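The values are calculated or read from the model by the stated rules, or taken from the named source; none is laboratory data. Since the structure is predicted, the reported quantities are computational estimates derived from the model, not experimental observations. Virtual Cβ from ideal backbone geometry, glycine too; neighbours counted across all protein chains shown.
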Amino acid sequence: MVGVYIHIPFCKSICTYCSFCKVLYHQEWVVAYLKKLKEEIEERYMGEPVKTIYIGGGTPSALTLTEIEFLLLLTDKFDKTRLQEFTFECNIEDITAELLDLLKKFNVNRLSIGIESFDPENLLLMKRKVNYEDAQTKMDLIREYGFHNVNLDLIYALPGEKLSTLKDDLKKIISLEPDHISTYSLMIEDNTFLGYKKIQNIPEDIDADMYEYICKKLDKEGYNHYEVSNFSKPGYESIHNLTYWNNLEYYGFGCGASGYIAGVRYDNTRSLSSYLKGEYKSSDSLLSKEDIMDYEVILGLRKLKGINLKEFYDKYHVNMQDVYPIKPLLKNGELVYKDGNIMINPKNIYVMNETLVKLV
């Protein structure tokens, strides 16, 4: 089985921190884009059973209901007989009874909602519009329509942000009772508004304190910290995102999407004009066995439980410790061995890239 990611690059407004492939909504572009998306799926999908579908962006909920229905109809081209998870990304302000009714009609069973912050200064900096009272009302509506798997996104470590601001944001996020919470430390990228303005990242020690607080608070509230940035109630881990971290295969459709099929990792063009001409792919690479194992290590160690040594051997017919310098990193405490798994020492999760560089 494979996963499917579909990218919708359209937004009603552009957030100042976003480096994803995105453009402002224009109806004529959307109509043309959805037609090309249909053609790409028909051309590249090979008929495998689909385990997960994730429609992300951009802002998929920026589309009209008619456009969203056309988009959802495209997913009927996939073999969904073994589908386990169907996620639709949306902004909280876009949620209506009509949208939820449409999503239920097409068996969407998971929502991923961009909250990011409730703090007025943070929202102004990010150019986002979120209201806590409105979020409460929308979450009630979501539950009323029978959605029992909901993720909320939180961004922290914004320029000038204090720990007290994060604590208030996290308290409000938790009060909305999501089943899953994704937390992201703000990284200021060159190709963003904040990057152009030469805004600086928050000091690393404050960022680290915020991350530590998030981990402890969400653990106390019953959320399982299963991946570096992701926390879930028991049984609500993101099946789709685990496809990435378990180094399993998935299609990426749409402008700016990436995929991994039949040993080939590929990236689609980020140019809307190229995509509308049918020039979908910008690059691809056939991976060697060594490349694939490297991805397994880099991605797998993002999971808090790490990599199972027996599963690694069953996949690649080599012992992980014979290929990578596991033993010295176990000796110095950067890695931990537990229940047949190799994992990053929980104390070092915040600086795990240092360990990954030594491994790969």
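Run down I292, I261 and say which single residue is in contact (Cβ under 8 Å) with a residue 24 or more places away in the chain, touching an Asp or Glu at 6+ places or on another chain (Cβ under 7 Å) and of a type outside the set (F, W, Y).
Going through I292, I261 in turn, the sole match is I261.
Among the residues of region 102-151, which ones are free of Cβ contacts under 8 Å to residues at least 60 places away in the same chain, among the hydrophobic types (A, V, I, L, M, F, W, C) and part of a helix (DSSP H, G or I)?
L102, L103, L123, L124, A135, M139, L141, I142
In region 179-196, is there at least one residue being assigned to a strand (DSSP E or B) and in contact with a Lys or Arg (Cβ under 6 Å, 6 or more places away or on another chain)?
Taking every residue of region 179-196 in turn, none turns out to be assigned to a strand (DSSP E or B) and in contact with a Lys or Arg (Cβ under 6 Å, 6 or more places away or on another chain).
Can you pull out the residues in region 149-160 that are crowded, with 18+ Cβ neighbours inside 10 Å and either over 20 Å from D101 (Cβ atoms) or out of contact with any helix residue (DSSP H, G or I) (no Cβ under 9 Å at 6 or more places or on another chain) (or both)?
N149, N151, L152, D153, L154, I155, Y156, A157, L158
With closer than 17 Å to L276 by Cα, crowded, with 17+ Cβ neighbours inside 10 Å and touching a Gly at 6+ places or on another chain (Cβ under 9 Å) as the only criterion, which of Y5, Y54, Y17, Y33 stands out?
Selected residue: Y33, the only one of Y5, Y54, Y17, Y33 that is closer than 17 Å to L276 by Cα, crowded, with 17+ Cβ neighbours inside 10 Å and touching a Gly at 6+ places or on another chain (Cβ under 9 Å).
Restricting to region 1-29, name every residue that is among the aliphatic types (A, V, I, L, M) and under 30 Å from T81 (Cβ atoms).
M1, V2, V4, I6, I8
Results for (1) aromatic (F, W, Y); (2) out of contact with any Lys or Arg (no Cβ under 9 Å at 6 or more places or on another chain); (3) crowded, with 19+ Cβ neighbours inside 10 Å; (4) outside the structural domain of M187 (by TED's automatic domain parsing), shown as yes or no for each residue.
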position	(1), (2), (3), (4)
L123	no, no, no, no
M126	no, yes, yes, no
I142	no, yes, yes, no
F147	yes, no, yes, no
K162	no, yes, no, no
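When you go through (1) in contact with a Leu (Cβ under 6 Å, 6 or more places away or on another chain); (2) surrounded by fewer than 19 Cβ atoms within 10 Å (Cβ to Cβ) one by one for D79, which number turns out not to apply?
In the conditions (1) in contact with a Leu (Cβ under 6 Å, 6 or more places away or on another chain); (2) surrounded by fewer than 19 Cβ atoms within 10 Å (Cβ to Cβ), D79 misses (1) alone.
Return the residue satisfying two criteria in turn: it lies in region 260-307 and is in contact with a Phe, Trp or Tyr (Cβ under 8 Å, 6 or more places away or on another chain) and aromatic (F, W, Y), and of such residues it is nearest to G58 (Cα to Cα).
My answer is Y275.
Counting just the residues of region 1-44 that are closer than 26 Å to F78 by Cβ and part of a loop (DSSP other than H, G, I, E, B), which one comes out farthest from the chain's Cα centre (by Cα)?
Y25
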